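Q: Input: one structure, supplied below.
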Amino acid sequence: MNISIFGLGYVGCVGMGCLAQNGHKLIGVDTIPIKVDLINQGKATIVEKDIDRIILEQYSKGNISATMDYRKAVHETDISILCVGTPSTPQGHLNLDYIYQTAEQLGESLRDKDSFHIVAIRSTVLPGTNARVGEIIEKASGKKRNEGFAVVSNPEFLREGTAVEDYFNPPLTVLGSDNEKALDIMAGIYSKVNGPIEKVDIRVAELIKYINNSYHALKIVFANEVGNVCKNLGIDSHEVMRIFCMDKQLNISPYYFKPGFAYGGSCLPKDLKALKTLAHDNYLETPVLNSIEASNDIQKQLALNLIKSSPANKVGILGLSFKSGTDDLRYSPIIEVIEWLYGKGSEIRIYDKNVILSRLVGKNKSFIEEKLPHISQMLSENLDEVVSWAEVLVITNKEDEFLALKPKPGQRIIDLARLDSLKGLENYEGLCW
């Protein structure tokens, strides 16, 4: 495949060399003459393990070249990959000027090109950029999107220092487009890359890099706060985190990574508070740890606001315990929401097959009696009764019996647990989806 790469910086140079090594023919485009000259001498434009050897090897084979003539590059290739910079503005916004200028150039070049052309956005951009790039190309070229050209979002996941290794062995390759032909062609150029290919919604592809990097930053700060606590206590922080990372079932896993309602239960709130207090007692600042509970409280407030957004007064709660399959009510987040609703005059009925008041003992019993002294008047042992009575149904966990829920006409469904079987129902709304 003949491919042009716009932008010969870090991502562009690595992409050029690796694509050429996988059998493609590359033309690099840049506005900086020295970068173009380096490529045309068989030299890399960056310092990165193995890329200098790859560029020299592929240049010697005639597989790569560079130019400042963007028209020539577009006319001689079938795919153009955008790797131009997207720097931050002083206010923290992204400067997408280079992306839009390149889109303008692509459009001008496509005006007198007959064959179908694919534009792949490899740069890190915000949701909506793919659509805007398509609009700019349409205006400049006079061609219609998905007739004369297609736009694909294809974020990169390269780390400096291991970029070549990461290119050939990525965790996955993400492709987002509204054109199946373009998706298939782009999947083909990555066929020799060792990793799964995920075809997703365009806006998912545009956002994922920001989610990745924000989480990576969070991991570093979290580990540093743990390290600060450990050092103060004379504990080996690296040994603590080694053991932490050995848990692939919960700690390093997809578990808990599902947007939804707040956490609760007897462990998470108590242990987080204990660690925060330990840090405080040792005069350590741990802003990440300190912000977790505050963020969790915001999620409860969002659920309350969603319920209160309806004028209905009869609220049926399906699930009282902090998660399905247990009768543990301690710090169950829905209890606080029920407290707030009851205090504002809402009528409440609750169904949870696992919660039987006569069987509650110890702290579990005392917690619910303190938080909801009128709980016995709210609890029902009959799911159908609660469903038929309520004007609004609030689902808090994933009990199997809720999957086939049949609400009455006009009844509002508020889902805090994401039951996919309910998403097509009328008057359905999820908490954060």
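Q: Which sequence of Glu285, Glu239 reflects their accessible areas, 1.4 Å probe, from the largest down?
A: Accessible-area ranking of Glu285, Glu239, largest first: Glu285, Glu239.
Q: So what are the ³J(HN,Hα) numbers for the range 23-33, from phi and the Karplus equation (6.51, -1.76, 1.60; θ = phi - 60°), rounded to whole Hz, Gly and Pro as x?
A: x, 9, 9, 10, 10, x, 10, 8, 8, 9, x
Q: Continuing with the same structure: What do you get for the angle between helix 180-189 and the principal long axis of the chain? Use alpha-carbon atoms, 0 to 90 degrees, nearest ten.
A: 70 degrees
Q: Please list 3J(HN,Hα) in residue order for the range 425-433, calculated via the Karplus relation 6.51 cos²θ - 1.76 cosθ + 1.60 where θ = phi - 60°; whole Hz, with x for glycine and proline.
A: Values, residue by residue: 6, 5, 6, 8, 8, x, 5, 9, 8 Hz.
Q: Ignoring ligands, DNA and RNA, what accessible area per residue does the chain give at 1.4 Å, in Å²?
A: Details: 22300 Å² over 433 residues.
Ligands and nucleic acids excluded, the figure is 52 Å² per residue.
Q: When only the heavy atoms of the protein chains count and the probe is 1.4 Å, how do Lys43, Lys113 rank by accessible area, highest first?
A: Lys43, Lys113
Q: Here is a further query. Please give the solvent-accessible surface of Glu76 in Å², to the nearest 10, using a probe radius of 1.4 Å with every protein chain present.
A: Its accessible surface works out to 90 Å², give or take rounding.
Q: Please report the accessible area of His93 (heavy atoms, 1.4 Å probe, ligands and nucleic acids excluded) in Å², nearest 10.
A: 120 Å²
Q: Using Cα positions and a limit of under 17 Å, work out the aspartates and glutamates in reach of Lys273, with same-chain residues fewer than 8 apart set aside.
A: Glu225, Asp281, Glu285, Glu293, Asp297
Q: Along the range 371-384, what does the Karplus equation 6.51 cos²θ - 1.76 cosθ + 1.60 (θ = phi - 60°) give for ³J(HN,Hα), rounded to whole Hz, x for Gly and Pro?
A: Using θ = phi - 60°, the values come out as 6, 10, x, 9, 4, 5, 7, 9, 6, 10, 8, 10, 4, 4 Hz.
Q: For helix 237-246, what angle does its Cα long axis make with the longest principal axis of the chain, in degrees from 0 to 90 and rounded to 10?
A: Between helix and principal axis, roughly 90 degrees.
Q: Still on this model: Please count, across the range 136-254, the pairs of lysine residues with Cα atoms under 29 Å apart that sit 8 or more places apart or on different chains.
A: Lysine pair count for the range 136-254: 21.
Q: While we're on this one: Based solely on C-alpha atoms, express the radius of gyration and the Dmax of the chain in angstrom.
A: Values for the chain (Cα only, Rg and Dmax): 27.8, 82 Å.
Q: How do Lys192, Lys423 rank by accessible surface area computed with a 1.4 Å probe, from largest to smallest?
A: Lys192, Lys423
Q: Can you give me the % of accessible surface on the chain that is carbon or sulfur? Probe 1.4 Å, all protein chains present, nothing else counted.
A: The C+S portion of the solvent-accessible surface of the chain is 53 percent.
Q: Note the angle between two axes, namely the Cα long axis of helix 333-343 and the longest principal axis of the Cα atoms of the chain, as a number of degrees from 0 to 90, rounded to the nearest 10.
A: 60 degrees
Q: Please calculate the 1.4 Å probe accessible area of Trp433, with all protein chains present, and give it to the nearest 10 Å².
A: Accessible area of Trp433: about 80 Å².
The values are calculated or read from the model by the stated rules, or taken from the named source; none is laboratory data. Note that the structure is predicted; figures quoted are calculated from it, not measured. Accessible surface is based on the protein model in full, side chains and every heavy atom, while ligands, DNA and RNA are left aside. Shrake-Rupley method; radii C 1.70, N 1.55, O 1.52, S 1.80 Å.
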